[in-house]
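Below is one structure, written out as structure tokens, with a few remarks after it.
The values are calculated or read from the model by the stated rules, or taken from the named source; none is laboratory data. As the structure is a prediction and not an experimental result, all values here were calculated from the model. Note that each Cβ is placed from the backbone with ideal geometry, even for glycine, and that neighbours are counted across all protein chains shown. For accessibility, only protein heavy atoms count, side chains too; no ligands or nucleic acids. Shrake-Rupley method; radii C 1.70, N 1.55, O 1.52, S 1.80 Å.
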Amino acid sequence: MSMLSSVAERLFWMSRYLERTQDTARLIQAYNHLIMDIPKGAEPPWDIMIDILDAQPLFRARFKAGSEQNVLKFLIADDKASCGIPFAVKAARENVRTTRDVLPEEAWELVNELHLFVEAHAGNASGRRNRHDFLSEVISRCQMINGLLGASLPRDHAYGFIKLGRLVECADMTTRIMDVGAGDIMERAGRFGAIDPLLWGALLQALSAAAAYRREVGPIVEKDAALNFIFLSSTFPRSIKYFVRETRKELMRLNNHDLAIRAVERLRRRLTRLDAEHFTSGELHDYIDDFQLQLTSLDAAIQATWFSWKNV
Amino acid sequence: MSKPWRRYSTGRFFDELITHGGSPRVAARRAVNFFKSLSADELRARRAAAELAIKEMGISFTVYTEGENIDRAWPFDMIPRVISAREWSGVSQGLAQRTRALNCFIDDIYNRQQILADGVVPAEIVLGSDNYKAQCEGVSPRFGAWAHICGSDLVRDHRGRFFVLEDNLRVPSGVSYMVENREITKRAVPELFRNYSILPVDDYPLKLYEMLVALSPRAARRPNIVVLTPGIYNSAYFEHAFLAQGMGAELVEGTDLTVGDDDCVYMCTVDGPVRVDVIYRRIDEDFMDPEAFRPESVLGVPGLMRAWRSGKVAIANAPGSGVADDKVIYAFVPDMIRYYLKEKPLLNNVPTYLCMREHDREYVLKNIGRLVVKPANESGGYGIMVGPHSSAAQHRKFSRLIEKDPRNYIAQPTLSLSTAPTYVEGKVQPRHLDLRPFILQSKNTWVTPGGLTRVALRKGSLVVNSSQGGGSKDTWIVEGKA
């Protein structure tokens with residue numbers, strides 16, 4: 001059975017918003033851990049997270065100072081901020097609400113519960129004491145939903161578009177974190193050399209990559225290996241290489257995929273040009289910038305081919 | 001007797017669970033005894049469990065005036081209404097009979113108009129009605145079925161007799177709540193199900209599916225069925241999604257469909273256009289097709305009527321079915337049953353005064369304070385005046401309305417609606433209720449076992465519509481001796 005274009009589009013976005021929720025929660029968790037281990041003065045500023053999410057203008061319109069409290073209020077408790085957790089959860093829920101007929105019945109219950117949980121607790125969760133529990137709960141509820149979908153959805157279009165949404169969002173977040181996070185560490189250029197491994201470790205944490213990295217590369221975290229791992233690991237499911245391969249696979253299963261496949265091929269070619277050892281922080285930034293442009297064109301290709309063909 | 005039930009009195013009303021003498025009715029005995037055995041704390045805990053279940057299941061409905069706030073928990077009362085299977089079987093036959101006659105009527109009206117020619121129903125009230133759609137003339141849907149899904153409202157009077165209050169033949173809603181209410185009751189009072197043999201209601205989507213499949217213009221094992229919804233801001237959107245999912249059908253909005261040059265209906269999918277065989281429409285016919293009806297409608301599908309008229313797609317309920325869903329036409333349903341089926345009506349109509357008849361009008365104007373006055377062509381409890389509960393100013397206002405447009409008003413005696421024990425503010429108190437069973441008709445006729453019981457949660461109120469602050473209860477049809 002085929003799938004309505006409008007439904008495919010909503011599933012894609014539901015999946016992106018759920019992934020965004022989880023990724024943002026992980027990012028905050030990782031930063032939180034890091035901050036407690038780092039000597040005062042050496043830590044990256046709190047609003048580096050705002051940079052990662054590309055939300056400075058939005059943030060500055062609401063807050064003057066990039067303080068811990070403000071940044072966390074913005075990301076955890078503000079349901080108008082489009083990069084924050086409550087907004088993403090609400091948007092995911094709106095998309096599930098209108099696609100309930102193709103999802104397992106529990107999907108709505110779980111997403112609704114996640115929404116109710118965030119609504120009830122986000123207000124008290126920006127302080128240090130409750131933050132961890134709140135974020136852990138958000139992450140595990142997202143995982144529960146992913147688990148449900150993974151275990152019970154037939155491998156048809158619904159699954160395909162959900163997977164594509166997750167892959168695209170994950171790649172988007174991974175490149176953002178690498179751009180700002182890795183850039184920040186590299187710019188320090190050894191000023192606080194002793195804590196560099198801590199920072200790289202936190203970066204891997206934020207990408208849920210720490211354990212996988214230890215197993216594949218080893219316990220010592222340093223720049224080149226970390227960059228190579230995040231971009232080129234062929235087994236780690238949040239690596240860019242993995243993203244390109246799986247996206248290609250999903251697209252091949254759909255009709256009329258030429259436009260989107262071409263976009264993926266461009267991404268794949270970009271990937272071969274990564275040179276972790278020799279990139280300066282500026283070169284890394286340009287590289288990721290270009291990569292993100294191609295990601296946007298993939299997004300547009302998906303939109304034009306499967307979601308809004310009727311209007312073309 | 002524990003405190004929450006203290007001073008429970010049926011008064012002069014027929015109570016669904018308790019006799020005038022104060023003892024439980026036979027079919028309800030176990031349920032009543034069970035609820036009476038619960039302390040105030042336990043009742044509260046059960047109620048909390050039910051509320052949690054509702055919240056988690058996301059049952060919600062919209063009331064138009066509430067604007068953006070599209071979630072509101074559906075008020076639910078956990079004490080079920082119990083009816084014996086023996087009593088229900090008579091009601092069920094009466095409903096099936098009624099729906100068959102109504103479909104004969106609609107099919108006749110858009111084709112030969114025999115019943116008008118024979119003077120059984122006055123032609124002017126049918127052909128002059130806004131609900132009569134000339135665009136439907138000459139169409140003969142399969143099985144002569146137009147109103148495939150009918151939601152009739154039943155009430156009981158002070159003696160416990162069932163009456164049909166109205167037949168909803170356009171886009172009746174509420175069936176999903178019937179199914180969900182059972183689910184919630186199972187979670188809130190699981191013990192009660194152990195000793196009862198209760199007819200299941202959760203196969204409704206399946207029955208609906210079978211009914212719709214029979215309508216398909218193409219012979220296919222699994223025709224393409226869609227549920228057409230006006231969208232997320234419609235009050236019954238939850239139900240549209242619920243039914244689509246239950247049938248494994250696509251839930252579509254107007255923008256998902258197009259009508260091709262071949263007069264076939266297509267849905268826009270990720271693989272391109274796919275032909276649709278049957279549309280279960282939950283959108284008013286006036287908004288269905290801007291080509292045929294309101295040109296400004298953005299909810300509809302241009303060309304849909306063309307596709308339907310040429311038999312390329314089946315639509316349930318068929319456009320034009322509303323011609324029989326009119327409170328004036330209602331008064332003639334018993335005559336239709338005798339005329340088309342040559343049978344005696346099994347279910348009573350409420351005595352109805354047609355204000356268009358001079359004699360009736362005089363009576364209504366003289367007795368307006370004792371009657372319920374209803375516009376002929378509104379649903380959802382809007383525009384109704386209950387005489388005994390209204391002020392003299394309202395009486396005067398409705399008298400003027402009737403004199404200005406007599407065709408548009410009917411009046412009925414104020415019925416003493418039955419009550420049932422309902423948990424309100426920590427006590428069990430009698431509240432008025434009605435019942436909406438659903439009748440499906442295509443190749444066969446099928447009636448839900450029970451239906452949706454709606455209850456007026458305000459003390460003494462007779463208005464049960466969800467849009468007017470009503471709630472609902474689970475309805476049990478129980479077999480054997482309880």
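Among what's in region A:116-144 and is within 19 Å of the chain's Cα centre (by Cα) and within 14 Å of chain B (Cβ to nearest Cβ), pick the residue that is farthest from A:Q29 (Cα to Cα).
Selected residue: A:M144.
So B:D277 passes all but one of these: (1) among the acidic types (D, E); (2) under 28 Å from the mean Cα position of the chain (by Cα); (3) within 14 Å of chain A (Cβ to nearest Cβ); (4) open to solvent by 50 Å² or more (accessible area, probe 1.4 Å). Which condition number does it fail?
Here B:D277 meets the rest and fails (4).
Which members of region A:248-269 meet the condition of being open to solvent by less than 40 Å² (accessible area, probe 1.4 Å) and either away from chain B (no Cβ under 14 Å) or in contact with a Lys or Arg (Cβ under 7 Å, 6 or more places away or on another chain) (or both)?
A:E250, A:I261, A:A263, A:V264, A:E265, A:L267
I'd like the full set of residues that are open to solvent by 10 Å² or more (accessible area, probe 1.4 Å) and not aromatic (F, W, Y), limited to region B:301-325.
Result: B:P302, B:R306, B:R309, B:S310, B:G311, B:K312, B:A314, B:D325.
So for region B:189-209 (the condition being open to solvent by less than 10 Å² (accessible area, probe 1.4 Å), among the hydroxyl-bearing types (S, T, Y) and either away from every other protein chain (no Cβ under 13 Å) or at positive phi (or both)), does at least one residue qualify?
yes
State whether one or more residues within region A:10-18 are of a type in the set (A, V, I, L, M) and within 30 Å of B:P223 (Cα to Cα).
yes
Suppose we filter region B:134-151 for residues that are of a type outside the set (A, V, I, L, M) and under 27 Å from B:P437 (Cα atoms); how many remain?
9
Do you know which of the residues in region B:425-443 that are touching a residue at least 40 places away in the same chain (Cβ under 8 Å) and surrounded by fewer than 20 Cβ atoms within 10 Å (Cβ to Cβ) is farthest from B:H158 (Cα to Cα)?
Looking at residues that are touching a residue at least 40 places away in the same chain (Cβ under 8 Å) and surrounded by fewer than 20 Cβ atoms within 10 Å (Cβ to Cβ), I get B:K443.
Considering only helices (runs of 4 or more DSSP H) fully contained in region B:160-257, which possess at least 1 residues that are farther than 30 Å from B:D15 by Cβ and in contact with a strand residue (DSSP E or B) (Cβ under 8 Å, 6 or more places away or on another chain)?
Once the helices (runs of 4 or more DSSP H) in region B:160-257 are filtered for at least 1 residues that are farther than 30 Å from B:D15 by Cβ and in contact with a strand residue (DSSP E or B) (Cβ under 8 Å, 6 or more places away or on another chain), what remains is B:204-213, B:237-247.
Just name the residue that is farthest from the other protein chains (Cβ to nearest Cβ) out of those in region A:52-104 that are more than 20 Å from the chain's Cα centre (by Cα) and among the hydrophobic types (A, V, I, L, M, F, W, C).
A:A65
Go through region A:199-239 and give me each residue that's part of a helix (DSSP H, G or I) and either basic (K, R) or touching a Leu at 6+ places or on another chain (Cβ under 6 Å) (or both).
A:A202, A:A206, A:A210, A:Y213, A:R214, A:R215, A:K223, A:F231, listed by residue number.
Conditions (1) among the aliphatic types (A, V, I, L, M); (2) within 14 Å of chain B (Cβ to nearest Cβ); (3) touching a Cys at 6+ places or on another chain (Cβ under 6 Å); (4) open to solvent by 60 Å² or more (accessible area, probe 1.4 Å), marked per residue:
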site: A:R176; (1), (2), (3), (4): no, no, no, no
site: A:L198; (1), (2), (3), (4): yes, no, no, yes
site: A:L203; (1), (2), (3), (4): yes, no, no, no
site: A:L207; (1), (2), (3), (4): yes, no, no, no
site: A:V217; (1), (2), (3), (4): yes, no, no, yes
site: A:V221; (1), (2), (3), (4): yes, no, no, no
site: A:T235; (1), (2), (3), (4): no, no, no, yes
site: A:K241; (1), (2), (3), (4): no, no, no, yes
site: A:E246; (1), (2), (3), (4): no, no, no, no
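Identify, please: which residue in region B:248-263 is open to solvent by 10 Å² or more (accessible area, probe 1.4 Å), more than 8 Å from chain A (Cβ to nearest Cβ) and within 20 Å of B:S216 (Cβ to Cβ) and is, among those, nearest to the chain's Cα centre (by Cα)?
B:G248
Report whether or not A:L103 is under 18 Å from A:Y17 (Cα atoms) and surrounded by fewer than 19 Cβ atoms within 10 Å (Cβ to Cβ).
The answer is no for A:L103.
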